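K.L.:
Quick one: this structure, given as structure tokens, is what I'll be asking you about.
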Amino acid sequence: MNRFAELLDRLAYEPGRNNKLRLITNYFRATEDPDRGYALAALTGALSFKHAKPGLIRDLIAERTDPVLFALSYDYVGDLSETVALMWPKASINHEGSLRGSPSPQPSPTRGEEVAHKLQPSHRSATGKPANPSTADAELLSVPSPLVGKGQGEGYHEHTAREQIRPDHNNPPPPTLTDVVTTLRTLGKTELPKQLARWLDELDETGRWALLKLVTGAMRIGISARLAKTAAAALGDKDAHDLELMWPGLAPPYLDLFAWLEGRADKPVNLDPAPFRPVMLAHAIEDTDFADLDATDYVAEWKWDGIRVQAVSGRDEHGNLQVRLYSRSGEDITKSFPDLLPSLHLPGAIDGELLVLRDGRVQTFNVLQQRLNRKVVSPKLLKDYPIHLRAYDLLGEGDGDLRELPFTERRERLEAFVGKLNDPRIDLSPIVAFDHWEDLRAARADPATASAGEDAEAVEGVMLKRRDAPYLPGRPKGQWWKWKRDPHIIDAVLMYAQRGHGKRSSYYSDYTFGVWTGDDDGEQLVPVGKAYFGFTDEELLQIDRFVRRNTTEKFGPVRHVVHEPEQGLVLEVAFEGLARSPRHKSGVAMRFPRINRLRWDKPPREADRLETLERMLKADSAKQAVAVESH
Amino acid sequence: MRAQDILMPVAAGLCCRPGGFHIDPVRPVERAVITHGHSDHARAGHGAVLATQETLDMMRLRYGDDFARTTQAIAYGEEIRLGDVAVKFHPAGHVLGSAQVAVSCKDTCIVASGDYKDAPDPTCAPFEVVPCDVFITEATFGLPVFRHGDAAEEVKKLLASVALFPERAHLVGAYSLGKAQRVIALLRAAGYDAPIYLHGAMEKITHYYQSRGIGLGELRLVKGMKKADLAGTITLAPPSATSDIWTRRFPDPVTAFASGWMRVRARARQRGVELPLVISDHADWDGLTATIDATGAGEIWVTHGQEDALVHWCTARGLAARPLDLVGYGDEDEADAPAGEDVEA
């Protein structure tokens, strides 16, 4: 557990993707089965046990600490798990009831550089008789020195470590991750507090923190399941796609997977009746690309502003139909969309877009968003946000794999398949007819009149697919292209800048920008968004210099940058859409904002006004197709 | 005699009327007794200064030869009379030359501990418990969440990271006086024998440590190094420099920070630290409370830091305790001098 805790701890601070990968792979390499398997399960969200409520944790700490000291500490730290992890009193120092509830101050000069060797002999003799033999055996070999006496107490020098060794030297070693996970699976609710307290006694600060995050189900360390799988694949120089393919057939602690990755066994066979298939992705097309492309080689479809999904049905060994929905990264999102599952009643694998339809009309992404990342899917949610699958490819039908077929053949099979499904929740993504690129350019500029009709609002561009393209994983060159509609553009004024992370930690690279709004009190800037990309390296240097020279106030890592009508920096901000947001002072939130251009030529007073955004918002939510840009 | 007649807080600092001096005064005074060389405790411009030789040397390094009118060096364990009181210095374990000042008048002994830690430190004399009637303790880490652990383990974390990312530079923010040298000494103790690089702002003080016989191995200045040659190296720099444009000379640096504050995640994240190292030159909660117990003092005065929690703890144990409202003492990690191209010499 302590090693897994160290990994989580390090990951929590590491901003770089590649560095995270290296840390995780390194952990898998250095850690034995089955611990690493359970770690992989924890990182991919594949563990299931009943989570402990924060109230339980509070009760545990309240029994052990002075309420005033706890309140002051919690107030300072700001996070319950972390506060408890840090101030949890060391077990077994806390006897005699001498403390009136406050954390132990008992001297135990076992801290410091000379501690380890002093403690080891007596600890080793102690481990001969572990208190809990069932969990201790394996751990004794791998962790010779659990963190007994590490850190706590203090060390003034009249005493020797030996006098201070705890009276009950039968301390069990800290639990392994395997101990924790397998115990939690079967533990009754009433036994949980006691077990948790025992573990907290045995672990060090970082271990306690990780344990509490794990049992409360609040890991949030910025690791996607995909990243964890990629790190595992790297252990055996394998492609993450291969792992993704077999993943639905695997179960913690993944002994067969690690055996394969380390070259000790054959590839695990995916026996899953409804497996995920790595998705095919498109390149963003540039104007210059068209010169080399022949319009007759391509088929066009609308690019829908929904969620890419793979809907797979297959029969298990008992002949029962299993239905699963996967995100484009292979994450199983079946549970979030129970309303779609009955519609997928024939064995097959559809690639398509999840949308919300009301009265046959596609709703915007903002509406769809209400259905995403929900733990509980209420009947009201199902009713108010009815889900729909717009199909654009068929990867398999029955037992047949169609991915080697050219797109046009797959499309025919898809049309027939959707016809057989014959379900109002599933329809075809229509083909957009065109003869020349100019036709398509016009359709893209005005989807409403070019057959998208009332759904035009949910169109974010067009997709181009080569007629003869097989379905290939990843982003193969020249097969699929995405041609997005031009983004919304506004001119905003830089208001605050914050330092970035990792490589950018010496640069002011996160920008809060605002637009003008006025009332009787006069004109002022109101923040409307934050952006931290879109600029070139050279532009970053320029903005960084500007920020440093024009700071009016500093708040920790944040700088106020001068923003007066005649003085300041105007940023041309591009974004994909707007939504009303009560959380923002301006009342609007931007989707996908980025810095498009630096307008050194423009004085801040000429930047856009909030009314411009209000107008865009109206245009966006109006049934009219094209949001009119203000300039 | 009442304790507050011997020592009392005034605007200039802790004033000893019967002895005619101030301890660590924040304003210029006629006679100053200085506990250690950190700039919030050791200021220039006093008339006469009494301190350990190391502290006097550090003040001279920072402020120049005429930092005080006269100076007097005092050794650990040495006692001298000032006015109606006796003053004795004891090691505080904080940094090289740091001292607790025991002030005795008739039957009453007050110990002003300045900043202290009870954890081992290869770069300074170990902390010594001084039995007394009134103990004046700092409370920088005066909350039970602060437990600093074994500094050697933190250094192992740093070395593991260097091994895992050999193509990156590791930049360790550490206060220039004390912390930086302790981290270097810990690295050496852990078997790291490659040259260690220094930000220019810590050159003088580090060389001073070496001149006092503290082995720090081969040290080099970062200045003038090629970016590529800094891959796989460890550099010590003042904390403020680690988020400064100065860092652009390093290949994809891993930013570490050696401080007791790193125990709390929000603090580390706020600073953009990627590798927090919990290494402190101040006593942690367990150290503070155990030391208070060990002094046998019946009355505790608590100063700079989280006074509330420590005063509460003392009171709950039946000790008389009160916060001392002294101003002007910072936390050296946070109040580090600005460093960068302009300061680097």
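The values are calculated or read from the model by the stated rules, or taken from the named source; none is laboratory data. In this text, all values refer to a predicted model and were calculated from it rather than measured experimentally. No Cβ is skipped: glycine too gets one built from the backbone with ideal geometry, and neighbour counts run over all protein chains shown.
K.L.:
Is it true that some residue in the range B:301-312 is under 25 Å from B:T123 (Cβ atoms) and within 12 Å of chain A (Cβ to nearest Cβ)?
P.N.:
Taking the range B:301-312 as the starting set, the residues that turn out to be under 25 Å from B:T123 (Cβ atoms) are B:303-305.
Narrowing the set further to residues that are within 12 Å of chain A (Cβ to nearest Cβ) leaves B:305.
For the range B:301-312, residues under 25 Å from B:T123 (Cβ atoms) and within 12 Å of chain A (Cβ to nearest Cβ): present.
K.L.:
Sticking with this structure for a sec: May I ask you to verify whether B:D107 is more than 12 Å from chain A (Cβ to nearest Cβ), acidic (D, E) and over 18 Å from the mean Cα position of the chain (by Cα)?
P.N.:
Criteria met by B:D107.
K.L.:
So which of B:T291, B:T315 ends up being more than 23 Å from A:E6 (Cβ to Cβ), part of a helix (DSSP H, G or I), at the interface with chain A (Cβ under 8 Å from one of its Cβ atoms) and modelled with pLDDT of 95 or more?
P.N.:
Values: B:T315 fails: at the interface with chain A (Cβ under 8 Å from one of its Cβ atoms).
Only one candidate passes the filter, namely B:T291.
K.L.:
Conditions first: (1) in a loop (DSSP other than H, G, I, E, B); (2) within 13 Å of another protein chain (Cβ to nearest Cβ); (3) within 23 Å of B:W285 (Cα to Cα). B:R182 passes all but one, so which condition is the exception?
P.N.:
(1)
K.L.:
I've got another one for you. Looking at the structure I just gave you, is B:I214 more than 10 Å from chain A (Cβ to nearest Cβ), in a loop (DSSP other than H, G, I, E, B), under 30 Å from B:A102 (Cβ atoms) and not acidic (D, E)?
P.N.:
On the way: more than 10 Å from chain A (Cβ to nearest Cβ): yes; in a loop (DSSP other than H, G, I, E, B): yes; under 30 Å from B:A102 (Cβ atoms): yes; not acidic (D, E): yes.
The answer is yes for B:I214.
K.L.:
A:P275 - would you say it is over 27 Å from A:K420 (Cα atoms) and part of a loop (DSSP other than H, G, I, E, B)?
P.N.:
On the way: over 27 Å from A:K420 (Cα atoms): no; part of a loop (DSSP other than H, G, I, E, B): yes.
Here the answer is no, as A:P275 does not meet what is asked.
K.L.:
Within the range A:294-316, how many residues turn out to be part of a loop (DSSP other than H, G, I, E, B) and either in contact (Cβ under 8 Å) with a residue 40 or more places away in the chain or touching a Ser or Thr at 6+ places or on another chain (Cβ under 8 Å) (or both)?
P.N.:
The first filter runs over the range A:294-316 and keeps only residues part of a loop (DSSP other than H, G, I, E, B), leaving A:294, A:305-306, A:316.
From what's left, either in contact (Cβ under 8 Å) with a residue 40 or more places away in the chain or touching a Ser or Thr at 6+ places or on another chain (Cβ under 8 Å) (or both): A:305-306, A:316.
Residues meeting the conditions: 3.
K.L.:
Sticking with this structure for a sec: Specify the residue that is surrounded by the most Cβ atoms within 10 Å (Cβ to Cβ); the eligible residues are those in the range B:238-250 that are in contact (Cβ under 8 Å) with a residue 40 or more places away in the chain and within 10 Å of chain A (Cβ to nearest Cβ).
P.N.:
Of everything passing the filter in the range B:238-250, B:A241 is surrounded by the most Cβ atoms within 10 Å (Cβ to Cβ).
K.L.:
A further question follows. Tally the residues that are in a strand (DSSP E or B) and surrounded by fewer than 17 Cβ atoms within 10 Å (Cβ to Cβ), restricting the search to the range A:323-358.
P.N.:
Within the range A:323-358, the subset in a strand (DSSP E or B) is A:323-327, A:332, A:348-358.
If we keep only those that are surrounded by fewer than 17 Cβ atoms within 10 Å (Cβ to Cβ) as well, we get A:358.
Final tally of qualifying residues: 1.
K.L.:
Report yes if A:P557 is within 14 Å of chain B (Cβ to nearest Cβ) and closer than 28 Å to B:A266 by Cα, otherwise no. Explain how you work it out, then say what you get.
P.N.:
On the way: within 14 Å of chain B (Cβ to nearest Cβ): yes; closer than 28 Å to B:A266 by Cα: yes.
The answer is yes for A:P557.
K.L.:
If only one of B:R60, B:R43, B:R27 is surrounded by fewer than 19 Cβ atoms within 10 Å (Cβ to Cβ) and closer than 18 Å to B:P9 by Cβ, which one is it?
P.N.:
Details: B:R60 fails: closer than 18 Å to B:P9 by Cβ; B:R43 fails: surrounded by fewer than 19 Cβ atoms within 10 Å (Cβ to Cβ).
Within the list B:R60, B:R43, B:R27, the selection yields B:R27.
K.L.:
May I pose another question? Specify the residue that is farthest from the chain's Cα centre (by Cα); the eligible residues are those in the range A:465-509 that are in a strand (DSSP E or B) and small (G, A, S).
P.N.:
The selected residue is A:A492.
K.L.:
Being in contact with a Gly (Cβ under 6 Å, 6 or more places away or on another chain) and closer than 21 Å to B:A180 by Cα is the filter here; which residues of the range B:125-145 pass it?
P.N.:
Those that are in contact with a Gly (Cβ under 6 Å, 6 or more places away or on another chain) and closer than 21 Å to B:A180 by Cα: B:P126, B:F127, B:T140, B:F141.
K.L.:
Within the range A:319-345, count every residue that is of a type outside the set (S, T, Y) and closer than 17 Å to A:E244 by Cα. It would help to see each step written out before you state the result.
P.N.:
Looking only at the range A:319-345, we keep the residues that are of a type outside the set (S, T, Y), and these are A:319-325, A:328, A:330-333, A:335, A:337-342, A:344-345.
Remaining after also requiring closer than 17 Å to A:E244 by Cα: A:324-325, A:328, A:330-333.
Looking only at that region, the number is 7.
K.L.:
Separate question: Taking the condition at pLDDT 90 or above, out of contact with any Phe, Trp or Tyr (no Cβ under 6 Å at 6 or more places or on another chain) and within 17 Å of A:P527 (Cβ to Cβ), does A:V588 pass? So that I can check it myself, show each step before the final result.
P.N.:
Working: at pLDDT 90 or above: no; out of contact with any Phe, Trp or Tyr (no Cβ under 6 Å at 6 or more places or on another chain): yes; within 17 Å of A:P527 (Cβ to Cβ): yes.
When the stated conditions are applied, A:V588 does not pass them.
K.L.:
Let me confirm something: among B:V222, B:V145, B:V130, which residue is aliphatic (A, V, I, L, M), surrounded by 21 or more Cβ atoms within 10 Å (Cβ to Cβ) and away from every other protein chain (no Cβ under 14 Å)? Don't jump to the end; show me each part of the working.
P.N.:
Working: B:V145 fails: away from every other protein chain (no Cβ under 14 Å); B:V130 fails: away from every other protein chain (no Cβ under 14 Å).
Selected residue: B:V222, the only one of B:V222, B:V145, B:V130 that is aliphatic (A, V, I, L, M), surrounded by 21 or more Cβ atoms within 10 Å (Cβ to Cβ) and away from every other protein chain (no Cβ under 14 Å).
K.L.:
While we're looking at this one, here's another question. A:L325 is checked against (1) in contact with a Phe, Trp or Tyr (Cβ under 6 Å, 6 or more places away or on another chain); (2) touching a residue at least 40 places away in the same chain (Cβ under 8 Å) and fails just one. What number does that condition carry?
P.N.:
All conditions pass for A:L325, except number (2).
K.L.:
Residues of the range B:262-274 being at negative phi, touching a residue at least 12 places away in the same chain (Cβ under 8 Å) and at the interface with chain A (Cβ under 7 Å from one of its Cβ atoms), which ones? Even if it seems obvious, please write down each step before you answer.
P.N.:
Taking the range B:262-274 first, the residues at negative phi are B:262-271, B:273-274.
After this cut, where a residue has to be touching a residue at least 12 places away in the same chain (Cβ under 8 Å) as well, the list is B:262-264, B:271, B:273-274.
Listed by number, the residues that qualify are B:R263, B:V264, B:V273, B:E274.
K.L.:
Taking the condition facing chain A (nearest Cβ under 10 Å), closer than 20 Å to B:V162 by Cα, touching a residue at least 24 places away in the same chain (Cβ under 8 Å) and within 23 Å of the chain's Cα centre (by Cα), does B:S259 pass?
P.N.:
Details: facing chain A (nearest Cβ under 10 Å): no; closer than 20 Å to B:V162 by Cα: yes; touching a residue at least 24 places away in the same chain (Cβ under 8 Å): yes; within 23 Å of the chain's Cα centre (by Cα): yes.
No: the conditions fail for B:S259.
K.L.:
Now, a different point. Select from the range B:280-319 the residues that are of a type in the set (S, T, N, Q) and under 15 Å from B:G260 (Cα atoms) and write down the one among them that is surrounded by the most Cβ atoms within 10 Å (Cβ to Cβ).
P.N.:
B:S280
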